[in-house]
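The values are calculated or read from the model by the stated rules, or taken from the named source; none is laboratory data. Just so it is clear, the model here is predicted, and its values are computed rather than measured. Glycine gets a Cβ as well: all are built from the backbone with ideal geometry, and neighbour counts include every protein chain shown.
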């Protein structure tokens, strides 16, 4: 029984160590969020990364000099399911609050849920308390953190999202059966290469296509593919497109 209690305490302390609070990087002197693009996560896998902040001290506006008293992160939305965030504590301030001109950080950790993948934009809402004309007031602003979550078992180091500038991309139907359709807008006429990989990374489909400037519709014959999970990849000079598919 004592051995079991000792092991339980050890595991508990170990977990606290893995998800320990981050330490603000005081060498950062330029106001901002670092990094804006977080290291990649993986579906159904553990994740633990720190985000550093340098708070502005003052700024010039049309109303005169604005001094920042403190800045609070009130919320971070659209974090990949399974992950949470924890701010570094600072004596004299409430959770996720740092003084103007100060350094702070938060740690994003947990285990990404199964079925979560792709390009995810997390939105941080910040409330800045400022001193203007001898009076303290506040305003809210938003900033974006980019997550890329790779699918579990996919080992080709390929992004699972679209980098086509137009953003006008549709892959359907999902689940697919005998055929798979891709609607995509291209800014120029370019050749493209379509590949489909099994979840283990084996290529099972290959086709060269021509994308014209404007709207394009591509129809793929997929009746020979077995039921399962696949990764669709399209490469061209215009951009890269990746989707996780189910048949």
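Only residues that are surrounded by fewer than 19 Cβ atoms within 10 Å (Cβ to Cβ), closer than 15 Å to residue 176 by Cβ and within 29 Å of the chain's Cα centre (by Cα) were counted across the range 219-244, and they come to 2.
Within the range 104-145, the residues that satisfy the criterion of being closer than 22 Å to residue 29 by Cα, within 15 Å of the chain's Cα centre (by Cα) and surrounded by fewer than 18 Cβ atoms within 10 Å (Cβ to Cβ) are 143, 144. Within the range 50-103, being part of a loop (DSSP other than H, G, I, E, B) and more than 26 Å from residue 134 (Cβ to Cβ) holds for 78, 79, 80, 81, 82, 88, 89, 91, 95, 96. Across the range 176-189, a minimum of one residue is classified as in a loop (DSSP other than H, G, I, E, B), closer than 22 Å to residue 115 by Cβ and not assigned by TED's automatic domain parsing to the domain that holds residue 42. Please verify whether residue 124 is closer than 15 Å to residue 49 by Cβ and either touching a residue at least 12 places away in the same chain (Cβ under 8 Å) or touching a strand residue (DSSP E or B) at 6+ places or on another chain (Cβ under 6 Å) (or both), treating the condition exactly as stated. Spelling it out, residue 124 is indeed closer than 15 Å to residue 49 by Cβ and either touching a residue at least 12 places away in the same chain (Cβ under 8 Å) or touching a strand residue (DSSP E or B) at 6+ places or on another chain (Cβ under 6 Å) (or both).
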